[in-house]
């Protein structure tokens, strides 16, 4: 990424990024604009040693608003590469277990990644449609009970089966490297995805479906930069369902509100701001008759991040952002929050535990499955 | 796998039982294979799953938790 002198000049006179940044509101010493200034104007090399570099959520709320078109998350990502080389490392959540799981997958190992699927539905070992499960089944094992991430792939498989599709799933699939990439470890990202490409090519798939927005953006946006054009179509499951579900002859039960309040949708940063997918999930929720859908004040491009990214730097700041979001949903009259990202579901569910909030947090696939007739 | 394959095993041992047992084996001059590397913990409650995974990442073939 190249930032021109003109962009820097505009940048120094602005500050929309810092004004928009959810972290800046919680941590007064964090300012995207100041970080650009220190790095590009002052040539201050201590930026690579500063801890703020790891505080950024890379949620892209700044970059979608930036009038000078500076991609601040990408700027942060590149500098994290440098910081890592200098020994400036982030504070990992869950003792670094999830990073260790990803690193182990970069090796020639035998996984039991699809064990859950035997009870969940039907699948194939080769075919046109590959369902990239992602790491959600691992999250279910590592994280505290009740966060429900394993329900995401189970629901997707069941939904696809109901539509008459038996997707390919594979034990040899690897982590998509999203977290490694955004933690400044591009080499790990490359190693993992060399495996993934081999596995997907071997299945003969023409379309790869992602239920996780992180895997989706990695394949859609980052993989072509490194590996060239991919020999298959990359679709998020919400895109695929919004296209295929209305004509699949499936009907939905009317929503039974029973005093549980409205239903709202949390836009994941990767799926929304980064990939521009705002409408398909809303169209899918709209397929359910009598759905009391409400929008939170911050929605679509202005949506709020679920508070942490890449399993690192989970702090009081993250908790504050998460609780603020739960309050926002409650104030909007929602009793149910639907997300399209396993991590949004995990983070909001985790934040809600031991609080007075009693919102039902679920993902769009589990929700649709429950409403099917 | 060749017949001479020797796995490397890391054992996380509790100070008060398993480590004391290994220590007793040592002072009693009992022989045991050098494949196992002991790491003493004050309690196996100190274990978290990252220890186990990082052992594999560091090249261990097996992990034993004893205590």
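The values are calculated or read from the model by the stated rules, or taken from the named source; none is laboratory data. The structure presented is a predicted model; accordingly, all values stated were derived computationally and were not measured. Cβ atoms come from the backbone with ideal geometry, glycine included; neighbour counts cover every protein chain shown.
Based on this model, can you work out whether residue A:71 counts as under 24 Å from residue A:310 (Cα atoms) and either out of contact with any strand residue (DSSP E or B) (no Cβ under 9 Å at 6 or more places or on another chain) or in contact (Cβ under 8 Å) with a residue 60 or more places away in the chain (or both)? Please lay out each step first, then the result.
Numbers: under 24 Å from residue A:310 (Cα atoms): yes; either out of contact with any strand residue (DSSP E or B) (no Cβ under 9 Å at 6 or more places or on another chain) or in contact (Cβ under 8 Å) with a residue 60 or more places away in the chain (or both): yes.
When the stated conditions are applied, residue A:71 passes them.
Out of contact with any helix residue (DSSP H, G or I) (no Cβ under 6 Å at 6 or more places or on another chain), outside the structural domain of residue A:57 (by TED's automatic domain parsing), buried (at least 21 other Cβ atoms within 10 Å of the Cβ) and at pLDDT 95 or above: which single residue out of A:210, A:219 fits that description? Can you show your working first?
Values: A:210 fails: out of contact with any helix residue (DSSP H, G or I) (no Cβ under 6 Å at 6 or more places or on another chain).
Residue meeting the stated conditions: A:219.
Got a sec? Which of A:231, A:254, A:281 is under 18 Å from residue A:334 (Cα atoms), in contact (Cβ under 8 Å) with a residue 12 or more places away in the chain and out of contact with any helix residue (DSSP H, G or I) (no Cβ under 6 Å at 6 or more places or on another chain)? Break it down into steps so the answer makes sense when it comes.
Details: A:231 fails: under 18 Å from residue A:334 (Cα atoms); A:281 fails: out of contact with any helix residue (DSSP H, G or I) (no Cβ under 6 Å at 6 or more places or on another chain).
Just a single option satisfies the conditions, and that option is A:254.
Exactly one of (1) in contact with a helix residue (DSSP H, G or I) (Cβ under 6 Å, 6 or more places away or on another chain); (2) outside any loop (DSSP other than H, G, I, E, B) is unmet by residue A:201. Its number?
Looking at each condition in turn, residue A:201 falls short on (1).
Taking helices (runs of 4 or more DSSP H) that do not extend beyond the range A:116-196, which have at least 3 residues that are within 14 Å of chain B (Cβ to nearest Cβ) and under 18 Å from the mean Cα position of the chain (by Cα)? Steps first, answer last, please.
Working: elements: A:117-120, A:136-142, A:151-162, A:178-182.
Per the criteria, A:136-142.
Could you say which residue among B:7, B:34 is loosely packed, with under 13 Cβ neighbours inside 10 Å and in contact with a strand residue (DSSP E or B) (Cβ under 6 Å, 6 or more places away or on another chain)? Step through it out loud before you land on a result.
Working: B:34 fails: in contact with a strand residue (DSSP E or B) (Cβ under 6 Å, 6 or more places away or on another chain).
When all the criteria are applied, what remains is B:7.
So which residues in the range A:65-83 are over 17 Å from the mean Cα position of the chain (by Cα) and surrounded by fewer than 18 Cβ atoms within 10 Å (Cβ to Cβ), if there are any at all?
A:65, A:67, A:69, A:71, A:78, A:81, A:82
With the requirement that a residue be surrounded by 20 or more Cβ atoms within 10 Å (Cβ to Cβ) and within 13 Å of chain B (Cβ to nearest Cβ), what does the range A:97-113 give you?
Of the residues in the range A:97-113, the ones surrounded by 20 or more Cβ atoms within 10 Å (Cβ to Cβ) are A:97-103, A:105-106, A:113.
Within the range A:97-113, A:97, A:98, A:99, A:100, A:101, A:102, A:103, A:105, A:106 meet the criteria.
Of all the residues that make up the range B:44-67, how many are away from chain A (no Cβ under 11 Å) and closer than 18 Å to residue A:111 by Cα? Write out each step before concluding.
Step one: list which residues in the range B:44-67 are away from chain A (no Cβ under 11 Å), which gives B:44-46, B:60-67.
Subsequent filtering for residues that are closer than 18 Å to residue A:111 by Cα retains B:60-63.
So the count comes out to 4.
For the range A:114-138: of the residues being without any contact (Cβ under 8 Å) to a residue 24 or more places away in the chain and over 20 Å from residue A:101 (Cβ atoms), which is surrounded by the fewest Cβ atoms within 10 Å (Cβ to Cβ)? Quick ask: steps written out before the conclusion?
Pass one, the range A:114-138, residues without any contact (Cβ under 8 Å) to a residue 24 or more places away in the chain: A:115, A:118-119.
If we keep only those that are over 20 Å from residue A:101 (Cβ atoms) too, we end up with A:118-119.
Details: A:118: 9, A:119: 7.
That would be A:119.
Report whether or not residue A:301 is in contact (Cβ under 8 Å) with a residue 40 or more places away in the chain, closer than 17 Å to residue A:62 by Cβ and either over 18 Å from the mean Cα position of the chain (by Cα) or surrounded by fewer than 20 Cβ atoms within 10 Å (Cβ to Cβ) (or both).
Values: in contact (Cβ under 8 Å) with a residue 40 or more places away in the chain: yes; closer than 17 Å to residue A:62 by Cβ: yes; either over 18 Å from the mean Cα position of the chain (by Cα) or surrounded by fewer than 20 Cβ atoms within 10 Å (Cβ to Cβ) (or both): yes.
Yes, satisfied.
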